[in-house]
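Worksheet: the structure to be examined is printed underneath.
The values are calculated or read from the model by the stated rules, or taken from the named source; none is laboratory data. Quick caveat: nothing in here was measured; it's all calculated off a predicted structure. Cβ coordinates were reconstructed from backbone atoms using ideal geometry, including for glycine residues, and neighbour counts include every protein chain displayed. All accessible areas refer to the heavy atoms of the entire protein, side chains included, with ligands and DNA or RNA removed. Shrake-Rupley method; radii C 1.70, N 1.55, O 1.52, S 1.80 Å.
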Amino acid sequence: MQSEKKRNKPGLIFSFIKHYIEGNSRYGIHSPFVYNLLTECVYSGSLPADYRMIEEQRKKLESDKRIIEVSDLGDRRDDSAEGVMQKRSISAIAKKSVKSRRQSALLYRLAKYFECYNILELGTCFGITTSYLSWSLPGVVVNTIEGCPQVAGIAKSVFEALNLKNVRLHVGNIDEILIPVLNNTGRADLVFLDANHTRDATLEYFNIVLDYTNENSVFIIDDIHRSAGMEYAWREICDHRSVSSTIDLFYMGLVFFRKGLSKESFVIRY
């Protein structure tokens, strides 16, 4: 299988403009469920009380010039990618691959709003989003999977610096360890998919995790406009028979399975 080509900057800007033109604000929404979600959660802007501690870790990562060897299969799954290592600085990875404070805080608010106590994250990176999720509710447990041992090692140091006791870091190929992790956790109230940004992988992981969710679960898919393949996967998920409603926020997509909701796909400016 050939790797999927990520959109260049002009292409991404065009996609964003199209999204903005077609999108609605909360005031154009007639669904009470979606309107309340946007008003009380998405647009609220609230942050964890001690978010500055997490952001301090981000700053340290962004200024860390150490070089590590990373194996990044996030854009491809062909056999030639196996074992390919790249040397990159921690700083470069942190600036390019770690979610912004705004996006990380949204994950925190979503987990808190829907009272998600069992969280699964596919793609730990350096653990910034993991940390935000871990502070969403007392008693929450975050299981997070990272494929690159060197990157996972940095994430572990972040968790230790923040004294996070409710994060379970699993290191290995998601294709091989996802089902065992799910079997151990039993269920997933919130799933954040931020790994292997390809059409086939996204659909595969979605269908696997689906067996461990319930009608109140929330599925969050990152970078749904990253490539044509990711947009295809997003459309397939929106049309899935188990899905009731979806929200396209451009940078990420929210998927809901709640009974009683009309099957609708919302495009929202965020």
Restricting to DSSP H runs of at least four residues, report the calculated mean residue ellipticity at 222 nm for the chain, -39500 (n - 2.57) per run over all residues, nearest 500 deg cm²/dmol. -12000 deg cm²/dmol
Please state the relative contact order of the chain as a whole percent: Cα pairs under 8 Å, 6+ residues apart? 18 percent
Karplus-derived 3J(HN,Hα), 6.51/-1.76/1.60, for each residue of region 222-227, Hz, glycine and proline x: 7, 6, 6, 10, 4, 8
Checking G153, G186, G260 against a Gaussian network model of the chain (alpha-carbon springs below 10 Å), the top fluctuating residue turns out to be G260
Listed by chain and number, the residues whose amide H is under 5 Å from that of F192, excluding neighbours fewer than 5 places away on the same chain and using placed H, are L120, E121, L122, I220
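Please work out the average accessible area per residue across the chain, using the 1.4 Å probe convention, and give it in Å².
For the chain, the per-residue accessible area is 48 Å².
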Residue-ordered couplings for region 256-270, obtained by feeding phi - 60° into the Karplus form 6.51 cos²θ - 1.76 cosθ + 1.60 and rounding to whole Hz (Gly and Pro as x), are 10, 10, 5, 6, x, 8, 5, 6, 9, 10, 9, 10, 10, 6, 9
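Mind checking the full-extension length gain between N163 and L261? Use 0.36 nm per residue of separation minus the Cα-Cα distance, one decimal, nm.
Net length gain for the segment: 31.3 nm.
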GNM on the chain, C-alpha springs below 10 Å: top fluctuator among E215, E176, E146? E176
Applying the Karplus parametrisation 6.51 cos²θ - 1.76 cosθ + 1.60 with θ = phi - 60° to the phi angles of region 114-119, what ³J(HN,Hα) value in whole Hz is obtained for each residue in order, glycine and proline being reported as x? 8, 6, 8, 9, 10, 10
So how much accessible area does D223 have, in Å² to the nearest 10, using a 1.4 Å probe? 30 Å²
Paramagnetic label zone (point 7 Å from Cα along Cα-to-C-beta, Q86; backbone N under 19 Å) in region 114-142: 123-127
The chain - share of DSSP beta bridges that are antiparallel (%, nearest 5): 35 percent
Of M252, M53, M230, the one that fluctuates the most in a GNM where the chain has Cα springs shorter than 10 Å: M53
Sorted by packing (mean other beta-carbon atoms within 10 Å per residue), highest first, where do 187-198, 86-97 land? 187-198, 86-97
Area accessible to solvent at I177, 1.4 Å probe radius, in Å²: 40 Å²
Can you give me the % of accessible surface on the chain that is carbon or sulfur? Probe 1.4 Å, all protein chains present, nothing else counted. 49 percent
